[in-house]
1. Report the percentage of all Cα-Cα pairs in segment 146-213 whose separation exceeds 16 Å, rounded to a whole percent.
2. What ranking, highest mean first, results for peptides 42-53, 312-323 when packing means the other Cβ atoms within 10 Å averaged over each residue?
3. Just by accessible area at a 1.4 angstrom probe, what is the order of Tyr348, Tyr31 from largest to smallest?
4. Report P(r) for segment 44-181: all Cα-Cα distances, bin width 10 Å, range 0 to the bin holding the largest distance, values in whole percent.
Amino acid sequence: MKWAAPTLVLSFAGGALAQCGVDGETIEVNYDSPTILEDINPCDIIYGDLHVAPGWVYFDLPHPVEFTGTIILDRNEILKWFNVDSAEKMGGLRILSPPWIGQMNLPKLTEIGLLEWRNITWADQDDGFSWLANELVHISNLVVEETFLSGFTKVISPYGWEWYNGLEALQTADEIRVVNNPRMGHILFPSLKSVSGTLNLGNNRGHPAMSFPALESVGAVDIFDKDITRGIHSGVLDFPVLTHVSGDFKFTGLYGTKSIVAPGLTDVEGGVYITGNKFLEEVDLSNLKSTSEIVVEGTPGGDPNARGISHLNFPSLERVDKFRISLDSYGFTCNQVEWIKDIANDYYCFDGRSGNGGATGTGTGTVPGTKPPVTYSSQPGYTSFPPVPTTTSDLPAFSSSSSFSPSSPLATVTTTKGPGGHPTVTPVPTTTESGDVPPASSSAPATSTPATAGASRMNSPFGFIFSIVKRWI
């Protein structure tokens, strides 16, 4: 059931409206009803969903402090200003398929159910996506798919404005899914401490680097890349303080990854699966004590630049049911892990060397008296691995003159001049390109104005920014 205006409004003596809308129903915010935002703006709480029809240029609801449902922005191609600057909680916000979108101002938002960014692209290099929500600490379900976004950390415009603050404040999430984003480079969540469900990252231009400097626990990790012919070959996946994984710890087909580093990880309740990562050389799980299964498979495939895994050992391992290694690499030998036969019920190791024979065995269940220490000193011919940024100050500075080319090396923060599978919608940015739009402020356009019939470009709400007037006229 959909309806065009709020049907429940409670008012008190003195005039302040308290709440409007109905849970489970939808308010259609149509641009041919220009007073609808004025009608619902006095409400403290808006119940149900808001479907914002295409055609709006300025969407301004500065008064409500909570939206129990989801605000849906669907094909809002000429939207320049989205402001809910008093909102602290939202059931959801879905931004779907705009070829261009302007500035989104949510300065007090701390908690949201579903945050979905899908098919956000720019019409030209002067366009972009401005997201300002620097108090957002919890997202139930984050979905970022098929966008031009390039990261989740702060971007400063060439004029000194904070154009995009990404998700730097995010501390907890239930599910995170970031897939199929062709400009997504370095993925850094500097404040993220826990993910109760799955951290699912895939097909984001080869994953040059990913950093989770504060992440302590996660339900499961699934990082993959279906296209193994792209990406640079020096990427690092860094989990420096991660200690517990409730499910699987899985990395598949990461062509651009050289190191997987989780030195503090002690237990994985599911399995550890590291397969098909052609340029992977180092796996640091030096404190892993317990897991149900370890599977490591891969081969350099004859590529002279791919040496294969040489740094691989599990010196702290005390419990594993199934252990399977199949590697043909530069520096690894089965001798490094042969002691694990004594604790694994199902053991297999193959390193491609004659006489190895794919040693198999059934363990006795006892821990061997001594375990070989693991070291990560460079082998002959190796170079040191690059440091992984852990703060935004370590990231390259924003440049308005850089440009994007599918075949060019990926910038970790921005890629173009100027601004610039499927989600689980259950109880449920990214570095972008900067543009010539002024910083967020508490002041918004005086009225919420729909586009007139046939309009495809509207003048900027901030007339002093000359460089985007050409885009809207």
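The values are calculated or read from the model by the stated rules, or taken from the named source; none is laboratory data. This structure is a prediction, so every number in the text was calculated from the model and none was measured. Backbone-built Cβ (ideal geometry, glycine too); neighbour counts: all protein chains shown. In case anyone asks, the SASA skips ligands and DNA or RNA and just uses the protein heavy atoms, side chains included. Shrake-Rupley method; radii C 1.70, N 1.55, O 1.52, S 1.80 Å.
1. Within segment 146-213, distances greater than 16 Å cover 50 percent of Cα pairs.
2. Order by mean packing, descending: 42-53, 312-323.
3. Tyr31, Tyr348
4. P(r) for segment 44-181, in whole percents per bin: 12, 46, 37, 5.
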